[in-house]
Amino acid sequence: MTKFKGIAASDGIAIASAFRLTEPDLSFDKKTIKNPDTEIDRLNQAIEISKQELRTIQQRTFKDLGRHEAEVFKAHIAILSDPELLKRIESMIKTQHVNAEYALKDVSDSYVKIFNSMTDNDYIKQRSTDINDVTKRVLSHLLGVPLTDPALIDHKVIIIAHDLTPSDTAQFVPNYVKGIVSDMGGRTSHSAIMSRTMEIPAVVGFQGSLADIKDGDQVIVDGLTGNVIVKPSNDEKNEYVEKIKKYRQANSQLTSFRNVATTSSDGKHPIIAANIGTLDDLQAAIDNGAEGIGLFRTEFLYMDSDELPSEQSQFDIYKTVVQRMAGKPVIFRTADIGGDKELPYLHTPHEANPFLGYRAIRMSLDQPDIFRTQLRALIRASAYGNLSIMFPMIATITEFEHAKRIFEDERAKLIAQDVAVGDIRIGIMVEVPAAALLADQFANVVDFMSIGTNDLIQYVMAADRGNRRISYLYQPYNPSVLRLIKSVIDACHDNGTPAYMCGEMAGDQKAIPILVGMGLNEFSMSATSILKSRALIKELDSREMVTLANKTVSLASTSQQVLKYVHQALGKS
């Protein structure tokens, strides 16, 4: 028996035989060619075939997984249609008289190098993966070497791979692919996200330690803990068979919480809402019994388009969301563009530290025409449901007042045009420490505050959450973080303002007891976390959790001590 520890990327447990997804031999020699035009024709033919394949995979993915997952392949097709990329490859073939394989690889490698040097953020790194994926596909056609087809797997397996491309993952058949183990990747990679959508347990990030696993070796994948066991003993296998049964039973029991209100054991009623970015996400939120949408990431409408979305196209989507939520509250965050979410068509300058730069409300206030178009679409949609708007990355009262004046101006114009308008609450995301420290002042001018812990934690700890070298500093349970969160919630309550949370922490099973004790009014999380979070809150006495929360912020000095207090409060060893 051999045990490995990796990154738990997709929940679940599986036992099956190993299937090594081997890389095809795409090696080639650099050659001097006599006729560049012939070589360019070879390149263009390979690219066209690759595009056709990607369109087929995109259609299949859309049908099986949904539009959001299929967008990956739209991006891949866009890479192969990029005139600047193709121009550079063709220029190299013409000026240096090299073969298409060499020019393609050289240019694509230069792009990958640029992306990898920009930041340690996983989202940007994923762009490198996309370029490598499409390069490999084109190379396979130039060399006449077929790519491995995962769709042909016809028995139950655990996939063992050095790296998984989105193209690979999209072709997995869940009836046969029971688990995934890969050297590369993280929780935010496309393949990990697809694994969660397909409910395939996955553990990633082994950095080359899987080389000795052979085809047919029995493998256990624990996507809950990040453990992978190769050639388990009978006792180990029997233990995990029981764990699989308990996991399935627990998941089955959670369905009973789908259509009930979130209620603590002593009768408190916090709201559990969902974070979404697309209409496909909306259906998952409804299916899992979301009591509202606590965060609609509107920037995905901009990122999924080759140009700025029109007022009408935005209105149609916003209207659909509030109508389908049938009166339940929906909070739309205005576009959080910038940071790790760049829009090529806006041509914004490269920044050394984009997370602290020109992004979110800063960009909206600087480019008010874009901001006003979005606000008009949201205001019009408010007539069809329970709609709220929140501004991201607010750091000062002045920023909020400026943004609200623009909102009020557009609202007045629409009313003057006899456009139907509903009641709209206006709030902010609390993710900048300056706003958190002035929460008592903000509570007097906003209708609600929603704590965005993903950014707030990294700013409090001065630690980029995408940088693996300092990942130990991304500490949601650090007492300094908890003290700041509690101060925001207390300031809200002292002023009669609701306090929400829409970061990953809201769905964290270790953090929820503390947040219940702090009196958080709404927990907004990924749809897959809703039922287990509702089940957990049902077991909590909010009065006991008040004691826990006070203990974590007054007595604890480390994250480890906080977790110890949580375990004690829940009666765990």
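The values are calculated or read from the model by the stated rules, or taken from the named source; none is laboratory data. Since the model is a prediction, treat every value here as computed from it, not as a measurement. Cβ placement follows ideal geometry from the backbone for every residue including glycine, while neighbour counts extend to all protein chains displayed.
Listed here are the residues, each with its yes/no results for (1) under 19 Å from the mean Cα position of the chain (by Cα); (2) buried (at least 17 other Cβ atoms within 10 Å of the Cβ); (3) among the β-branched types (Val, Ile, Thr).
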position: 309; (1), (2), (3): no, yes, no
position: 326; (1), (2), (3): no, no, no
position: 359; (1), (2), (3): yes, yes, no
position: 382; (1), (2), (3): no, yes, no
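Name the residue that is nearest to residue 304 (Cα to Cα), counting only residues in region 318-347 that are at pLDDT below 75 and part of a loop (DSSP other than H, G, I, E, B).
So the residue we want is 343.
For region 517-528, name all the residues that are surrounded by fewer than 24 Cβ atoms within 10 Å (Cβ to Cβ) and under 14 Å from residue 271 (Cβ atoms).
519, 521, 522
Considering (1) in contact with a Lys or Arg (Cβ under 9 Å, 6 or more places away or on another chain); (2) at positive phi, say which one residue 418 fails and leave the rest.
The one condition residue 418 does not meet is (1).
Kindly list the number of the only condition in (1) within 30 Å of residue 458 (Cβ to Cβ); (2) aliphatic (A, V, I, L, M); (3) in a helix (DSSP H, G or I); (4) touching a Gly at 6+ places or on another chain (Cβ under 9 Å) that fails for residue 390.
Going through (1) within 30 Å of residue 458 (Cβ to Cβ); (2) aliphatic (A, V, I, L, M); (3) in a helix (DSSP H, G or I); (4) touching a Gly at 6+ places or on another chain (Cβ under 9 Å) one by one, residue 390 breaks only (3).
For region 113-134, check the following and say yes or no: at least one residue is part of a helix (DSSP H, G or I) and at pLDDT 90 or above.
Within region 113-134 (the criterion being part of a helix (DSSP H, G or I) and at pLDDT 90 or above), the answer is yes, since at least one residue qualifies.
Which of the residues belonging to region 469-504 are over 26 Å from residue 274 (Cβ atoms) and of a type in the set (Val, Ile, Thr)?
Listed by number, the list holds a single entry, 470.
Every residue in region 468-511 that is part of a helix (DSSP H, G or I), among the aliphatic types (A, V, I, L, M), out of contact with any helix residue (DSSP H, G or I) (no Cβ under 6 Å at 6 or more places or on another chain) and crowded, with 16+ Cβ neighbours inside 10 Å, please.
485, 506
Taking the condition of being over 21 Å from residue 489 (Cα atoms) and part of a helix (DSSP H, G or I), how many residues in region 537-550 meet it?
Selection size over region 537-550: 1.
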